[in-house]
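Below is one structure, written out as structure tokens; comments come after it.
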Amino acid sequence: MTFSKATLLASAGLLIAIPAMAQKSKDTLRIASNDPFPSLSQYHHPVAEAGVFYRKVYEQMIAVDERKQKLVPMLAKSWKRVNPTTLEFTLREDIKFHNGNKFDAEDVKYTLDHIRDPKVKIRFKGRYTWMKNVEILGPYKIRITGKSVNAMDLGLVAYRMPIFDAETFKPYKNKADYGRFSPVGTGSYKVVKIDKSGTKVTRFDEFKGGSKYWRSPIKNIQSVPVPDRQTQIAELLTGGVDMLRGISPDNAKAVAAKDGFEVTSLASGSFIFFGLDAIGRSGIKPLQDVRVRKAIWMALDRDKIIKYIVPGGGQAEKLMGLCFSHNTACSLNRKTVGYDLAHAKRLMKEAGYEKGFDMEYDVFTPIKEVGEAIAGELLKINIRVKINPVTIGLYRKRQGKSLQNAFSVYYPTAGHPDAGNILNVMFKGSRDHFKDKIIHDAMAEGLKEFDTNKRAAIYQRAFDRSNEMHYVMAFSSLPTVYAHNSTVQVKGSQLSAGDSHITDFFWK
């Protein structure tokens, strides 16, 4: 179903205030989501949209205060590095899971043993295979030993390892069912429903974590699956939902102009990337020519697309490489090439593709408009692009089957804002369309260096190489743009400098 902008605004009328206020009176915030969450688990459904919820349902042993750039306690009250490959954590003794079970070292060991088990297949397995052993040293003491030196180990514990309730987790033969049927955590919100109709969480009144970093200002928060963006807007304007995120600039302006509605844009740690199959995995020969890849980059008027198409474009940053300056160990020397259409046409002629070629382009559905704008720019150099709007699940399947000629998703660096992690996402496993030894060597070397400045200098070689060979571009940052009724207020995260979660939503 589609609506014109005028239809969307006219459809709401004066009735919108009644359902909006009714939801505030029930202390229930309804958020439109692109898809139902099949699982509320970072391990089994690591998708940013679900992460807005699950990052506050579960806790890790430690976290990072990104504004102060320091580790802070969560389920662990203290920790130390015994040697370059060994970490020890002393756990809190006063924590209970949402179901009343007491938290202890057994929960940590069982969770980490499961995710590092070679027989267990989960997405992004490489986040966990660095662990060699997990030992219980006492009821509230854990030791993690790595297979080799890993400079990101504490960051991985802080960002990638929420702890599950072992007593509930153990009986499941299919461990993914934990996140489907009993997503029990220790966070400030607990899950009361998860199914195809949506996910609902409620404030956990027995939460014992620090209020400085974890809060629960609204009692109930619910995701409402609405796969079509225009239908999401119609639902907002007619009172079916209270909030949606990722709205386009045109629609944001239209919604904000309507009485009773507001748009809030927050700078984020996410960026839209545009990659090309440089080694021909998908069978498109022209993309193996560095001149063609350079021509493609030079044909894109990024300033125009960012200003008019990227959600929150007024706050979006035109990145010069694959990391933000605030990401740990990020360093760039060689910038991406700028817009130069005449030069792009000369390169295409020089490479023998003056008449262009056909290719397919996989674009994550929420940023489809950005992909369409990129495809339109490429027509100027006679590259005819078929857009494939894809869900994240379909994107991963096509990626694994080497079917992607060109591809765009937005990547939330806030999930683990370390340059080494970004390199893993772009240049490791089935995600690596480039197979570049210079990049791989820098990734391996950087992983062994604990000094952040030295590690940044090492990673600079990898980021500069990607720019030199025109492999994959961080097209722009992607501000988090919320359209919501005027009873809602969005505030900055207490922990993250580039992410927001259900703990950041308030009633006015």
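The values are calculated or read from the model by the stated rules, or taken from the named source; none is laboratory data. Bear in mind that the values here come from a model prediction, so they are computed numbers and not experimental data. As a convention, Cβ positions derive from the backbone with ideal geometry for all residues, glycine included, and neighbour counts pool all protein chains shown.
Can you say whether residue 230 is surrounded by fewer than 23 Cβ atoms within 10 Å (Cβ to Cβ), over 26 Å from residue 31 (Cα atoms) and of a type in the set (S, T, N, Q), as far as the supplied structure shows?
Details: surrounded by fewer than 23 Cβ atoms within 10 Å (Cβ to Cβ): yes; over 26 Å from residue 31 (Cα atoms): no; of a type in the set (S, T, N, Q): yes.
In short, no.
Identify, please: which residue in region 181-211 is in contact (Cβ under 8 Å) with a residue 40 or more places away in the chain and of a type in the set (Asp, Glu) and is, among those, nearest to residue 107 (Cα to Cα)?
Residue satisfying both the conditions and the ranking: 206.
Please go through region 283-300 and give me each residue that is more than 15 Å from residue 383 (Cβ to Cβ) and either free of Cβ contacts under 8 Å to residues at least 24 places away in the same chain or not hydrophobic (A, V, I, L, M, F, W, C) (or both), ordered by number.
Our first condition is that a residue be more than 15 Å from residue 383 (Cβ to Cβ); within region 283-300, this holds for 283, 290.
Within region 283-300, 283 is the sole residue that qualifies.
Which of (1) basic (Lys, Arg); (2) assigned to a strand (DSSP E or B); (3) not assigned by TED's automatic domain parsing to the domain that holds residue 161 does residue 253 not meet, given it meets every other one?
Evaluating residue 253 over (1) basic (Lys, Arg); (2) assigned to a strand (DSSP E or B); (3) not assigned by TED's automatic domain parsing to the domain that holds residue 161 leaves (2) as the failure.
So how many residues does region 270-296 have that are surrounded by fewer than 22 Cβ atoms within 10 Å (Cβ to Cβ) and part of a helix (DSSP H, G or I)?
Selection size over region 270-296: 5.
Of everything in region 459-469, what is surrounded by 24 or more Cβ atoms within 10 Å (Cβ to Cβ) and touching a residue at least 40 places away in the same chain (Cβ under 8 Å)? Give them in sequence order.
Residues of region 459-469 that are surrounded by 24 or more Cβ atoms within 10 Å (Cβ to Cβ), as a first pass: 459, 462-463, 466.
Selection gives 459, 463, 466.
Looking at the structure I just gave you, is residue 455 among the basic types (Lys, Arg), over 30 Å from residue 252 (Cβ atoms) and free of Cβ contacts under 8 Å to residues at least 40 places away in the same chain? Before the answer, list the steps.
Working: among the basic types (Lys, Arg): yes; over 30 Å from residue 252 (Cβ atoms): yes; free of Cβ contacts under 8 Å to residues at least 40 places away in the same chain: no.
The answer is no for residue 455.
Of all residues in region 445-458, which are buried (at least 19 other Cβ atoms within 10 Å of the Cβ) and assigned to a loop (DSSP other than H, G, I, E, B)?
Restricting attention to region 445-458, the residues satisfying the condition of being buried (at least 19 other Cβ atoms within 10 Å of the Cβ) are 446-447, 455-456, 458.
Within region 445-458, just 447 meets the criteria.
Identify the residue in region 364-382 that is over 13 Å from residue 305 (Cβ atoms) and of a type in the set (A, V, I, L, M) and, among all such residues, is farthest from the chain's Cα centre (by Cα).
Result: 381.
Report, by residue number, each residue of region 396-411 that is among the polar types (S, T, N, Q) and more than 19 Å from residue 49 (Cα to Cα). Can you show your working first?
Start the filter on region 396-411 by keeping residues that are among the polar types (S, T, N, Q), which leaves 399, 402, 404-405, 408.
Of everything in region 396-411, those that are among the polar types (S, T, N, Q) and more than 19 Å from residue 49 (Cα to Cα) turn out to be 399, 402, 404, 405.
Go through region 150-193 residue by residue and tally those that are part of a helix (DSSP H, G or I) and either among the hydroxyl-bearing types (Ser, Thr, Tyr) or closer than 17 Å to residue 134 by Cβ (or both). Spell out how you get there, then give the answer.
First pass over region 150-193, keeping only residues part of a helix (DSSP H, G or I): 153-160, 166-169, 177-181.
Next cut, either among the hydroxyl-bearing types (Ser, Thr, Tyr) or closer than 17 Å to residue 134 by Cβ (or both) only: 153-154, 156-160, 166, 168-169, 178.
Matching residues across region 150-193 total 11.
Just checking, how many residues over region 194-207 are outside any loop (DSSP other than H, G, I, E, B) and in contact with a strand residue (DSSP E or B) (Cβ under 9 Å, 6 or more places away or on another chain)?
Residues in region 194-207 being outside any loop (DSSP other than H, G, I, E, B) and in contact with a strand residue (DSSP E or B) (Cβ under 9 Å, 6 or more places away or on another chain): 7 in total.
Working only within region 208-225, note down all residues that are crowded, with 20+ Cβ neighbours inside 10 Å and in contact with a strand residue (DSSP E or B) (Cβ under 6 Å, 6 or more places away or on another chain).
216, 218, 221, 222, 223, 224
Please identify the pairs in which a residue from region 389-411 that is not assigned by TED's automatic domain parsing to the domain that holds residue 473 and at pLDDT 90 or above has its Cβ atom under 6 Å from the Cβ atom of a residue that is surrounded by 17 or more Cβ atoms within 10 Å (Cβ to Cβ) and acidic (Asp, Glu), counting only partners at least 6 apart or on another chain.
Once the first residue is not assigned by TED's automatic domain parsing to the domain that holds residue 473 and at pLDDT 90 or above and sits in region 389-411, no partner that is surrounded by 17 or more Cβ atoms within 10 Å (Cβ to Cβ) and acidic (Asp, Glu) comes close enough.
Which residues, counting only those in region 60-85, are surrounded by fewer than 16 Cβ atoms within 10 Å (Cβ to Cβ), among the polar types (S, T, N, Q) and not in a strand (DSSP E or B)? Give the steps one after another, and end with the answer.
Of the residues in region 60-85, the ones surrounded by fewer than 16 Cβ atoms within 10 Å (Cβ to Cβ) are 65, 67-70, 72, 77-78, 80-84.
Now narrow it down to the ones that are among the polar types (S, T, N, Q): 69, 78, 83.
Answer for region 60-85, where residues must be surrounded by fewer than 16 Cβ atoms within 10 Å (Cβ to Cβ), among the polar types (S, T, N, Q) and not in a strand (DSSP E or B): just 69.
Given the residues 219, 208, which is the only one that is in contact with an Asp or Glu (Cβ under 9 Å, 6 or more places away or on another chain), at pLDDT 95 or above and not assigned by TED's automatic domain parsing to the domain that holds residue 433? Walk me through how you get there before you give the answer.
Numbers: 208 fails: at pLDDT 95 or above.
The unique qualifying residue is 219.
Look at residue 94 and say whether it is among the charged types (D, E, K, R), assigned by TED's automatic domain parsing to the domain that holds residue 182 and touching a residue at least 60 places away in the same chain (Cβ under 8 Å). Break it down stepwise before answering.
Values: among the charged types (D, E, K, R): yes; assigned by TED's automatic domain parsing to the domain that holds residue 182: yes; touching a residue at least 60 places away in the same chain (Cβ under 8 Å): yes.
Against the criterion (among the charged types (D, E, K, R), assigned by TED's automatic domain parsing to the domain that holds residue 182 and touching a residue at least 60 places away in the same chain (Cβ under 8 Å)), residue 94 qualifies.
Can we say residue 106 is touching a residue at least 60 places away in the same chain (Cβ under 8 Å), under 25 Å from residue 499 (Cα atoms) and of a type in the set (Asp, Glu)? Before the answer, list the steps.
Working: touching a residue at least 60 places away in the same chain (Cβ under 8 Å): yes; under 25 Å from residue 499 (Cα atoms): no; of a type in the set (Asp, Glu): yes.
When the stated conditions are applied, residue 106 does not pass them.
Please pick out the residue among 94, 113, 107 that is of a type in the set (Asp, Glu) and crowded, with 17+ Cβ neighbours inside 10 Å. Show your work before the answer.
On the way: 94 fails: crowded, with 17+ Cβ neighbours inside 10 Å; 113 fails: crowded, with 17+ Cβ neighbours inside 10 Å.
None of the other options fit; the residue is 107.
Of the numbered conditions (1) surrounded by 13 or more Cβ atoms within 10 Å (Cβ to Cβ); (2) under 27 Å from residue 428 (Cα atoms); (3) modelled with pLDDT under 95, residue 121 satisfies every one except a single condition; which is it?
The failed condition is (1).
Quick check on region 130-151. Is at least one of its residues surrounded by 21 or more Cβ atoms within 10 Å (Cβ to Cβ), more than 26 Å from the chain's Cα centre (by Cα) and either among the aromatic types (Phe, Trp, Tyr) or not assigned by TED's automatic domain parsing to the domain that holds residue 189 (or both)?
The answer is no, given that none of the residues of region 130-151 is surrounded by 21 or more Cβ atoms within 10 Å (Cβ to Cβ), more than 26 Å from the chain's Cα centre (by Cα) and either among the aromatic types (Phe, Trp, Tyr) or not assigned by TED's automatic domain parsing to the domain that holds residue 189 (or both).
If I ask for residues that are of a type outside the set (Val, Ile, Thr), under 17 Å from residue 396 (Cα atoms) and either free of Cβ contacts under 8 Å to residues at least 60 places away in the same chain or part of a strand (DSSP E or B) (or both), which ones from region 356-367 would you list?
Narrowing region 356-367 to residues of a type outside the set (Val, Ile, Thr): 356-362, 364, 366.
Subsequent filtering for residues that are under 17 Å from residue 396 (Cα atoms) retains 360-362, 364, 366.
If the condition is that a residue be of a type outside the set (Val, Ile, Thr), under 17 Å from residue 396 (Cα atoms) and either free of Cβ contacts under 8 Å to residues at least 60 places away in the same chain or part of a strand (DSSP E or B) (or both), then 360, 361, 362, 364 are the ones that fit.
Filter region 389-443 down to the residues that are closer than 21 Å to residue 458 by Cα and part of a loop (DSSP other than H, G, I, E, B) and list them by number.
Scanning region 389-443 gives 416, 417, 428, 432, 434, 435, 436.
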